[in-house]
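The values are calculated or read from the model by the stated rules, or taken from the named source; none is laboratory data. Computed from a predicted model, the values in this text were never measured in an experiment. Ideal geometry is used to build each Cβ from the backbone, glycine not excepted, and the neighbour counts take in all protein chains shown.
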Amino acid sequence: MQEIASHTIKIQKKLMTKDLLEIHTFAIHRDINIFLYHQEAMADARDLPKLLSFFMIDPHDEVLLIIEGNHAEQVYPKLIPLFSESKQIA
């Protein structure tokens, strides 16, 4: 069943290129859409150039994470570690 879930995430560390690449890869290999929204800018995780613009986000900023697809709520816990100090993606 198609779902849309959104969560506000407080960035706990400086996002690195490898973090954004993992989000991109995660979105590409699953039947979901992931969007990041920050200060009037939105990026589709499948669009790597747009996603890389989020590289400039400062720690402690907030990002709206929007997940669209089957079992969207189950995807959220798998992405959260990418935005925090301890990271592991499934």
> For residues in region 47-62 being touching a strand residue (DSSP E or B) at 6+ places or on another chain (Cβ under 7 Å) and over 12 Å from F83 (Cα atoms), which is surrounded by the most Cβ atoms within 10 Å (Cβ to Cβ)?
Replying inline: L51
> Looking at (1) assigned to a helix (DSSP H, G or I); (2) out of contact with any Ser or Thr (no Cβ under 9 Å at 6 or more places or on another chain), can you tell me which one L52 breaks?
Replying inline: (2)
>> Of everything in region 17-41, what is touching a helix residue (DSSP H, G or I) at 6+ places or on another chain (Cβ under 8 Å) and either closer than 14 Å to I57 by Cβ or assigned to a strand (DSSP E or B) (or both)? Give them in sequence order.
In response: T17, D19, L20, I23, I32, N33, I34, L36, H38, A41
> Which of the residues belonging to region 34-71 are within 11 Å of H7 (Cα to Cα) and at pLDDT below 90?
Replying inline: E62, V63
